[in-house]
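Enquirer: Below is a structure I'd like to ask you about.
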Amino acid sequence: MIPRRPEHAWSAISTFSLAACCWCTSACVQANPAFLADGSLSDTEESGEGESEGADASGAEGESGSGEQGSGSETTEASETTEAIETSATADTGEMICGDGQLDPGETCDDGNAENDDGCMTNCLVPESCAEILAVDAEAASGAYLVDPQGSGEPWEVHCAMDFKGGGWTGFLVQDTCNGHLSSTVEAIWEATSGIDDACRPYAEYAEGGSLGYVWDIEFPPGFSAFFLSDYEVKAIATPELSYIQLLWSVPAIFPNGALSFGDAHAEGPVANWAANGGALETFGEDEIKPYPAQETVFELSEPSDTLRIAWGEYGQMHEGLYPWWSGRIYLR
């Protein structure tokens with residue numbers, strides 16, 4: 001039985017951006033708590049600062065109007081007034097005062113708290129990756145964090161693996177490749193029927209024999225030099241087989257064998273491959289879902305990159321195809 005295809009599938013487009021096909025809602029995107037949509041501070045934060053400044057000003061007026069000297073309360077008021085003046089003078093010089101809830105020169109955020117998981121780190125910078133968070137807080141625990149790899153101004157949730165192989169791994173889902181979080185494109189090497197389902201998962205297939213080959217490039221601007229897969233699964237369309245050990249991106253399959261591979265989009269070929277990593281070489285069962293054979297295995301690139309590539313291909317005489325990323329996460333560092 002052929003799995004249901006969405007109405008927006010296509011067969012005649014060789015390159016497409018997944019962001020253009022996203023069916024996700026705006027609920028995917030979480031704004032930095034320190035800012036409004038236009039980048040200004042929230043009303044709550046502005047009013048809080050105004051009250052503080054008003055209190056200082058009131059204290060200063062009371063002191064000058066009384067004409068009295070020597071009281072303990074007046075000494076305190078004078079001290080507070082001096083501090084307010086010093087703070088104002090410091091702000092006037094353009095020096096960053098991190099943690100005051102105001103966006104100062106050199107800051108990309110300031111939410112006034114000491115948390116690093118909310119899209120604004122304690123150094124008043126928006127993190128682009130989990131590695132940046134770990135650099136600020138060496139004791140950071142694994143879990144959900146907000147990051148902004150593309151500098152969009154709207155940090156979104158990833159899973160940071162902080163206690164695995166040195167920590168600092170940024171883990172994202174397939175849905176993050178088409179909802180505006182990460183830019184990605186799919187390009188045909190050997191064109192077949194292809195598309196993306198309602199959960200943002202690309203696929204390609206041919207009905208009665210033929211060939212298909214696609215590369216899926218996912219941009220990660222902070223850069224990475226290694227990656228691993230966790231709970232990663234692929235889904236067959238009909239009965240493909242992935243027994244070809246791919247060496248070059250330009251050769252996605254060799255009759256009668258297909259392939260699934262991962263690596264640097266700027267390199268000549270992959271560093272991870274289904275068959276090479278111990279995957280089953282026999283034909284998939286009808287529409288079968290299988291885990292990638294090397295889970296939580298770190299794959300090193302020959303040099304740092306800003307684009308991860310997933311490639312899949314098939315070449316045969318039957319109805320065959322594949323969803324190369326059905327579920328699970330990819331982690332980059």
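Enquirer: If you go through the range 149-175, how many residues are within 9 Å of the chain's Cα centre (by Cα) and free of Cβ contacts under 8 Å to residues at least 40 places away in the same chain?
Expert: 1
Enquirer: Condition (residue is among the hydrophobic types (A, V, I, L, M, F, W, C), assigned to a strand (DSSP E or B), closer than 20 Å to Ser305 by Cα and in contact (Cβ under 8 Å) with a residue 40 or more places away in the chain) applied to the range 185-194: is it met by at least one residue?
Expert: Yes, the conditions are met somewhere in the range 185-194.
Enquirer: Another question about this same structure. Checking Ala280 against (1) among the aliphatic types (A, V, I, L, M); (2) in a strand (DSSP E or B); (3) surrounded by fewer than 23 Cβ atoms within 10 Å (Cβ to Cβ), which test does it fail?
Expert: It fails just one condition, (2).
Enquirer: Same structure again: Give the range 288-302 a look and list any residue that's buried (at least 16 other Cβ atoms within 10 Å of the Cβ) and in contact with a Ser or Thr (Cβ under 8 Å, 6 or more places away or on another chain), or say none.
Expert: Leu301
Enquirer: In addition: Is it the case that some residue within the range 235-246 is closer than 25 Å to Gln175 by Cβ and among the charged types (D, E, K, R)?
Expert: Checked the range 235-246: at least one residue is closer than 25 Å to Gln175 by Cβ and among the charged types (D, E, K, R).
Enquirer: Kindly provide the set of residues from the range 244-270 that are under 19 Å from Ser184 (Cβ atoms) and aliphatic (A, V, I, L, M), ordered by number.
Expert: Leu260, Ala265, Ala267
Enquirer: Going by the structure shown, is Gly223 under 15 Å from the mean Cα position of the chain (by Cα), small (Gly, Ala, Ser) and on the phi > 0 side of the Ramachandran plot?
Expert: Yes, satisfied.
Enquirer: Still on this model: Is one or more of the residues making up the range 312-331 hydrophobic (A, V, I, L, M, F, W, C), more than 27 Å from the chain's Cα centre (by Cα) and assigned by TED's automatic domain parsing to the domain that holds Pro202?
Expert: The answer is yes; a qualifying residue exists.
The values are calculated or read from the model by the stated rules, or taken from the named source; none is laboratory data. Remember, it's a predicted structure, so these values are computed and weren't measured experimentally. Glycine gets a Cβ as well: all are built from the backbone with ideal geometry, and neighbour counts include every protein chain shown.
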